[in-house]
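Here the structure is laid out as structure tokens; the discussion comes afterwards.
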Amino acid sequence: MAEILLSALAKSGLEKISSLFLSEISLASDVKKELKKLEMTLSTIRSVLLDAEAQQAKNHTVRDWLEKLRDVVYDVDDLLDEFSTEALRRKVEIHGSILKGVGNFFSRSNPLIFRFKNGHKIKDIRERLDNIAEDRRNFHFTEQVENSGREQTHSFVRASDVIGRDHDKGKIVNLLLSSGDRESLSVIPIVGLGGLGKTALAKLVYNDDKVIQSFEMRMWACVSEDFKLEKVIEKIIESATNAKCDRLDVEQLQTCLRNILRAKKFLLVLDDVWNEDRRRWTELRDLLSGSANGSTIIVTTRSVNIASIMGTIAVYNLNKLPFDDCVSLLKRCAFGEVQENVPPELVEVGKEIVNKCGGVPLAVITLGSLLHLKTDLCEWLHIRDNEMWKLGEKENDFLPALRISYEKLPSYLKHCFAYCSIFPKNLVMVRNELIYLWIAQGLIQPLDENQELEDIGNQYFNELAMRSFFQDLNKTFESEISSCKIHDLIHDLAELVPGSEHLNVNFNSKKISENVRRVLFTEVDFFEKEFPASLVSANKLRSFTFAYRVGPVGKCFVDTLVSRFSCLRVLDLGHSDFEELPSFVDKLKHLRYLRLSNNRRLKTLPNSICKLLNLQSLVLNGCERLQDLPRHVEKLISLRYLNLTSQLVCLPEKGLHGLTSLRFLWLNRCNGLTSLSEGIQHLTSLRRLIIQDCPSLTSLPSGMKHLIALESLQILRCQELNLLEGEDLEGLRSLQSLSITGLPKLVALPRGLQQSAATLQYLTIVNCSSLTTLTESLQNLTSLLKLQIWECPNISSLPEGLQNLTSLQELYILECPNLLYLPEGMQRLTALRLLYIRGCPNLSRRDNKRMYFPNLCGRSSKWMRELTMGIQPGIFGNLQREFNLCRFGFGMLFLTTAIFGNLRWISVSLQMDKGQQGKKFEMFGNISGRAGRCLHHYKDYNVRRDVVPHCYESVFCLEMKSPI
């Protein structure tokens, strides 16, 4: 798998050579010739890397050749980066009107010496690369196109072989049995990590007796290869007829398929789907649509994106197998059916082995098979104490199954995924930090100069998340993933990719290869310890990171780290207390990412840090004793991300002047900060600004209106800030998201906000105790999609113009105890999908008329207390996803079929008049999902089972009380 990383490096090298020819750096003719030769050699080698990777598994000589190649390609990349840095330095000098005295600042660089010195380096490296390229002829490599696939699946299963999936099977079966009344073709996507048992679950459902009786025809097609319409149709027909049809053209195939399915109710399983082309799916779906009502397709896939393309019913996310079921599965694989005399010590070790499998059945099966009929405790301990990938691979082992997920990735995602191995297991990965690390390593390459690196990084991150590489996703109010984790077994896979390039190191590490490029330092205690001598030889390191929060780190350790590893792109010294960064930090000329966060002894940064022209990310949050920024911070012209905690009173106006590349500024716990300074107007590329826990900040500068690219603004817990002063928030014409939290002096929304009316989509107002009303300017925010008002105790009403928010999809009103009524005309919020009201005990309708939300399809008014409200026919007519009513007090409740005509999921606990006892609740007749249980069931109220005849989990019950 390492060939992908090598290929990416070669591609990056080719791009850098091309850019050098276009740059303003003056290249001698002999240097240009050497660069051209280097470009040709890189292109030649890159074309055979796939074949080399295929041969290395069986040929150690090829493996050695690839390692030598990788080493020299890294050297090529470092050298070309020096040329790029020189070009950047020259650009600063030539076009440096904003940087007075820049020539003296960079006085150590002499263009003639640089060309002479590096011209010889290029020749030496090119000759090394030529020799390696010549050796390729000995292996007879051929150019190949990447191709991978999984073996075909079938529908047969012995139910007794599948452990712990009865509950999941029951849910899917009930969904299938409730599909009879649906007119359109239903598609149920089952999504989960590779090895979780999606195919096994689909087999259980497919062979269930009730399912067999319910469908006239059942078909199974494994479509793990390319989703070609002709091939998929062939498989479906062959499954339906048990006859080959490989001699028919696509026209004959589609006619045959439609004739077979016409007017029949069928179940089709499409197993292991990887196709993300909506057009191909649409073509197949159209051919399947001439069947009888209730026909259903089950799709198994590892990708949420595929599920969203194909699914018509909510995605069924397959969870990990419970621990006890995993233990039972391991015992069956290791000892078979007879487990009476299993030694108890093996059972205990087995439980520890199960823990490392993370609830993935295929991993349990793999390790259990390795232990089959083995009773030697040492062999069990060997399995327990080694990583999955060190245990050897067989044809049906777990990691090869996971590797398919990796091999199916586009090449641009493969090296981004591999980089995730640098993080310790179980670490919460912060989305923004991960993206800036990818950028620092050169893993994100824009297709054109107009693409933002952060946007491409976000796209990469989302793709990996949708393909189930990330788990435990935390989302923001804007529905963006803010952080995640990697499953331990996916982490093992990530470690396999870079191979010997990545290494976990501690003070006791003995032998460390000089070819190691990324180090995770796994020590905690640094007391009186020197820098490990074994690591010094790995002087080509590109990334150094501490795995844990460490104690005070000595000056010698930091000095050695900075002086010995000049190729570093990433230096993460977070949570390591040391007193000063060495003045020779400018030796790290390749450095892109520097993290010094949560260093409580660091008071100053050396001015030499400003010579790091490639520095893109500077993370200084939690550096509470940091007094100031370096004197020439404006010279960090590549800086894109600055996260700052300091004792600054005002941001340096001159310093901000040169930070024209800055995209993300986060001011965090700057207790003495009173002003951002008018210099902020020069940050014209800034897209995201967070001002957090700055209790002395009193106002925002008028220069804010020049932040023409600003898309996201968060102001959190700034106790002295009053946004009504001056021209706050004027001119932010690109603003998409605004969050205002913990501003006790805020009495009204700033008037300038209406200038963002055409772009603002997300607005959050939280814990603003002096806020009494939302100004009428709110009514102009016609692009608003989500509005959240939370813990604003003095708000008594919402503006009448709220009805003008015709794009509003979600409205949250929480813990506003003095809110008396909702404004007139809210029924005009035709786009509203989710209404959530909680902690508003005095809320009522001013004119006591009925509210009407015809398109509501999300959650309605969860935990709304004591609301007197009428519900008329059709009010929730399009509510399909979930209706969660808890502790309602309804004075009038009109219950008719039209109210919940399309509802599929419900959780109900109603407080109602006893006069409603005799009602028949036919309005819930279409529920096929979950009907939530309530706390009480009034003893003399009869809840009929046929109220929710298709419900698969439990019948709801109503809590009856006396009239309100």
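The values are calculated or read from the model by the stated rules, or taken from the named source; none is laboratory data. Bear in mind that the values here come from a model prediction, so they are computed numbers and not experimental data. With ideal geometry, Cβ positions are generated from the backbone for all residues, glycine too; neighbour counts draw on all protein chains shown. The protein model used for the area step is the full one, side chains on, heavy atoms only, and it has no ligands, DNA or RNA in it. Shrake-Rupley method; radii C 1.70, N 1.55, O 1.52, S 1.80 Å.
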- Task: First obtain the Kirkwood hydrodynamic radius of the stretch 632-678 from its Cα pairs, then insert it into the Stokes-Einstein equation at 25 °C and 0.890 mPa s, and state the resulting D in µm² per second as a whole number.
- Result: 223
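Ranked highest first by the average count of other Cβ atoms within 10 Å around their residues, in what order do 301-313, 667-679 fall? The partial results should precede the final answer.
On the way: 301-313: 20.4, 667-679: 18.8.
Packing proxy ranking, top to bottom: 301-313, 667-679.
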- Please work out how much length the chain gains when fully extended from Val347 to Ser807, using 0.36 nm per residue of separation minus the C-alpha to C-alpha distance, in nm with one decimal. 159.7 nm
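Please give me, ordered by residue number, the GluC sites (Glu not before Pro) of the stretch 266-374 that lie in loop per DSSP and have at most 15 other Cβ atoms within 10 Å. Could the numbers behind the result be given before it?
Numbers: sites: Glu276, Glu283, Glu337, Glu340, Glu345, Glu348, Glu352; in loops: Glu276, Glu337, Glu340.
Taking the stretch 266-374 and a limit of 15 other Cβ atoms within 10 Å, the loop GluC sites (Glu not before Pro) found are Glu337, Glu340.
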- Task: Give the accessible area for Thr61 in Å² (nearest 10); use a 1.4 Å probe, count only protein heavy atoms, and leave out ligands, DNA and RNA.
- Result: 80
- So for His487, His382, what's the accessible-area order with a 1.4 Å probe, most first? His382, His487
- Message: Can you compute log10 of I(q)/I(0) for the stretch 282-379 with the Debye formula, treating each Cα as one identical point scatterer, at q = 0.15 Å⁻¹?
- Response: -0.69
- Message: Once you keep just the Cα pairs under 8 angstrom separated by 6 or more residues, what percentage relative contact order results for the stretch 423-577?
- Response: 18
- What translational diffusion coefficient, in µm²/s and rounded to a whole number, does the Stokes-Einstein relation yield for the stretch 402-515 at 37 °C and a viscosity of 0.692 mPa s, taking the hydrodynamic radius as the Kirkwood radius over Cα pairs? 217
- For the stretch 443-584, with every protein chain kept in place, what is the accessible area per residue (1.4 Å probe, Å²)? 43
- Task: Quick one: pull the percent of accessible area on the stretch 521-637 belonging to carbon and sulfur, 1.4 Å probe, ligands and nucleic acids left out.
- Result: 45
- Task: Please report the base-10 log of the normalised intensity I(q)/I(0) for the stretch 483-537, using a Debye sum with one equal scatterer per alpha carbon and no solvent, at each q in 0.29 (1/Å).
- Result: -1.18
- Could you order Lys475, Lys121 so the one with the most accessible surface comes first? Probe is 1.4 Å. Lys475, Lys121
- Evaluated at 37 °C with a viscosity of 0.692 mPa s, what Stokes-Einstein diffusion coefficient in µm²/s does the stretch 686-836 have when Rh comes from the Kirkwood expression over alpha-carbon pairs? 213
- Message: Could you tell me the extents of the stretch 614-771's C-alpha atoms along the three principal axes, largest first, rounded to whole Å?
- Response: 41, 32, 22
- Item | Label-to-label distance, nm, for residues given as Arg625 and Asp135 (7 Å Cα→Cβ offset) | 5.1
- Query: Hey, what's the stretch 268-368 come to in accessible area per residue, 1.4 Å probe, Å²?
  - Reply: 40
- Query: Using r as the Cβ-Cβ distance of Ser513 and Thr604, and R0 as 56 Å, what FRET efficiency do you calculate, to the nearest 0.05?
  - Reply: 0.95
- Taking only the alpha-carbon positions of the stretch 236-290 as identical scatterers, the Debye log10 I(q)/I(0) at q = 0.23, 0.28, 0.29 Å⁻¹ comes out as -1.11, -1.35, -1.36
- Note on the structure: Shape descriptors of the stretch 264-314 over alpha-carbon atoms, Rg and Dmax in angstrom, are 10.9, 30
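If you count only protein heavy atoms with a 1.4 Å probe, what accessible area per residue comes out for the stretch 674-818, rounded to a whole Å²? Walk me through the numbers before you get to the answer.
Values: 4870 Å² over 145 residues.
Dividing the accessible area of the stretch 674-818 by its residue count gives 34 Å².
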- Item | Long pairs among Lys198/Lys356; Lys203/Lys264; Lys169/Lys414; Lys121/Lys587; Lys210/Lys235, criterion Cα-Cα beyond 23 Å | Lys169/Lys414; Lys210/Lys235
- Output ³J(HN,Hα) for the stretch 799-807: one whole-Hz value per residue in order, computed from phi by the Karplus curve 6.51 cos²θ - 1.76 cosθ + 1.60 with θ = phi - 60°, and x for Gly and Pro. x, 4, x, 4, 5, 7, 7, 6, 9
